[in-house]
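The values are calculated or read from the model by the stated rules, or taken from the named source; none is laboratory data. The model shown is predicted, which means the values in this text are computed figures rather than measured ones. Glycine gets a Cβ as well: all are built from the backbone with ideal geometry, and neighbour counts include every protein chain shown.
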Amino acid sequence: MVLLFEKLGDYTLYYLEQAGRMGLFLCQCLWRVVTPPYRIFPVVRQLNFIGARSIFVIFFTGGFTGMVLALQGYYTLRKFGSEGLLGSAVALSLIRELGPVTAALMVIGRAGSAMTAEIGIMRNSEQIDALECMAVDPWRYLIVPKFIAAVISMPLLTAIFDVVGIFGGYLVGSLMLGVNGGTYFQGMYQSVHWVDVEMGLVKSLVFGLLIVWISTAKGYFLHWERSGGFGAEGVSRATTSSVVLASVTVLIWDYLLSAIML
Amino acid sequence: MRQEKKIDCPAVIELIGVEKVFGRQRVLDGVDLRVCEGTTTVIVGASGEGKSVILKHMLGLMRPDAGRVEIFGRDITQASARELKAVRRDFGVLFQNVALFDSMTIFDNVALPLRERTKERPQQIAVRVEELLQMMDLPGAATKYPAQLSGGMQKRVGLARALALDPKIVFFDEPTTGLDVLKSNEIYRLFHHTQAKLGYTAVIVSHDVPKIFKLSDHVALLAEGVIQGQLTPEEFQRSENPLIRDFVETTMGLIYSSEREEAALQ
Ligand SMILES: Nc1ncnc2c1ncn2[C@@H]1O[C@H](COP(=O)(O)OP(=O)(O)O)[C@@H](O)[C@H]1O
Ligand SMILES: [Mg+2]
């Protein structure tokens, strides 16, 4: 019984400590984002990695998400005889909800995991210690460019996802299911307002920050991992747990933001 | 009696009563060590005694549970991140596993401290990097990646990177472990050459007894969590401290016997 409480306390302390560390980590990074010196080139490199190279995946997933939305939406809407609303249904679901969330999940899988592994390996092989000993700030050098790039990329990727998805829905709706193309876009035009776009934008910004925060911190604090952050296996465990944690956090925050902004 | 004789000199690094515990394991139990300006201090001791841990305390990568670590008279255990950074500007480090940036070329590895810490233009940096690689006998390695080099070459790249900014203190963690005799001689030659040229203070952790004695001004044995006397190489080999005697005998056989024994023999 005492053992149980001891364990419980131990866990609680560990998670509190970890939460504190992550919080401080975020503050440190944000502070360095806003204070000089500002460096452009590293940010451009990360924009290429996180943003530009994700475009293909986003294009693909966006297209298919829009297509399946049209397919399913048509089936539902026809029951109420309101196929004309297909355009608004597809656009609103994409812009408000599916665009930011799916794009975020894609970026977690593609770039988030890579960031955790990269930084984790650098931690493991003392490369981060080496940076510190050279009086080079590892946060500024390694992490700040990723932060800036992720927060810039996420809304843009989400926008691409939405647009491609809307056209995917159009293709399925008008070419396969015979909904009038004009009606599709007219309905969308009338029902999508700025608040919807704003919600999508805020979500994507927040998700971008959450993703880069969790994936870089998981790598950076590899040596503090409870399960033992050693060797190749330590890096792989940290990467897995960072992907899981980031995905879950994004979904939780999606709910919270929806609830707040509705 | 821990220290047989107090070393008297202007200290650049001074460890006073440093203690460090990992979980249940007491690794350092009151380490006192003094590194004098412009000298070479060698820390010897069996594997796993905590030599690298001592080095990490000097570098400010670990904080002691008790005691002080003074660099140029400033206690870095209490220092803020900014002060620590200022102190580290004078450091060069060759890590035990070299810790080269493995996704960068050799050129970028050596150029990194110059790019990050100086305002020199790219051409000047290129010239300086070439010069350093030349000095380390690494011509033509600039475009390769660390994984494409042999262990000895990696150590030399690490040394080039450590010396890039003319540091005042250079730390070497087992610079020759895992290298064959010729390659370790090469590293020692480069060390000797660069120290004569740049005049830095050196702290070396090494197993390479007795060869390392020739290069050192002071030798300190770490055993049982404390420094068992910090002595000149001759004094060290003649010391009567049983732990030091043990160490000397097992690593190099009996070369000198202590004065007392010699007197008894006569
Ligand atoms: N970060 C750490 N966490 C826990 N134990 C450590 C850590 N670093 C070193 N140790 C322990 O301290 C002891 C000394 O390690 P080290 O300084 O690497 O030995 P060496 O003298 O061979 O360099 C080892 O037993 C090691 O297990
Ligand atoms: Mg060691």
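Kindly provide the set of residues from region B:33-64 that are away from ligand 2 (no atom under 15 Å from the Cβ) and farther than 24 Å from B:GLU249 by Cα, ordered by number.
Residues of region B:33-64 that are away from ligand 2 (no atom under 15 Å from the Cβ), as a first pass: B:33-41, B:60, B:63-64.
Scanning region B:33-64 gives B:ARG34, B:VAL35, B:CYS36, B:GLU37, B:GLY38, B:THR39, B:GLY60, B:ARG63, B:PRO64.
Residues in region A:151-171 include at least one that is at pLDDT 95 or above, under 20 Å from A:ARG110 (Cα atoms) and touching a Pro at 6+ places or on another chain (Cβ under 6 Å). A single entry from A:GLN127, A:GLN72 fulfils the requirement of being within 14 Å of another protein chain (Cβ to nearest Cβ) and more than 20 Å from the chain's Cα centre (by Cα): A:GLN127.
Of A:TYR74, A:TYR14, all but one fail to be part of a helix (DSSP H, G or I), surrounded by fewer than 16 Cβ atoms within 10 Å (Cβ to Cβ) and among the aromatic types (Phe, Trp, Tyr); the exception is A:TYR14.
Residues of region B:203-246 that are more than 17 Å from B:LEU33 (Cα to Cα), under 17 Å from the mean Cα position of the chain (by Cα) and assigned to a helix (DSSP H, G or I): B:LYS211, B:ILE212, B:PHE213, B:LYS214, B:LEU215. Report yes if some residue within region B:123-131 is in contact with a helix residue (DSSP H, G or I) (Cβ under 6 Å, 6 or more places away or on another chain) and either closer than 21 Å to B:MET58 by Cβ or assigned to a loop (DSSP other than H, G, I, E, B) (or both); otherwise report no. No. One residue stands out among those in region B:134-179 that are within 16 Å of ligand 1 (Cβ to nearest atom) and polar (S, T, N, Q): the one that is nearest to the other protein chains (Cβ to nearest Cβ), which is B:THR177. Scanning region B:152-173 for residues that are farther than 20 Å from B:CYS36 by Cα and within 16 Å of ligand 2 (Cβ to nearest atom) yields B:LYS155, B:GLY158.
May I ask you to list pairs of residues, at least six apart or on different chains, whose Cβ atoms are under 7 Å apart, with the first in region B:74-89 being more than 8 Å from chain A (Cβ to nearest Cβ) and in contact (Cβ under 8 Å) with a residue 24 or more places away in the chain and the second being β-branched (Val, Ile, Thr) and not in a loop (DSSP other than H, G, I, E, B)? Note: pairs meeting the criteria are B:VAL87/B:ILE71.
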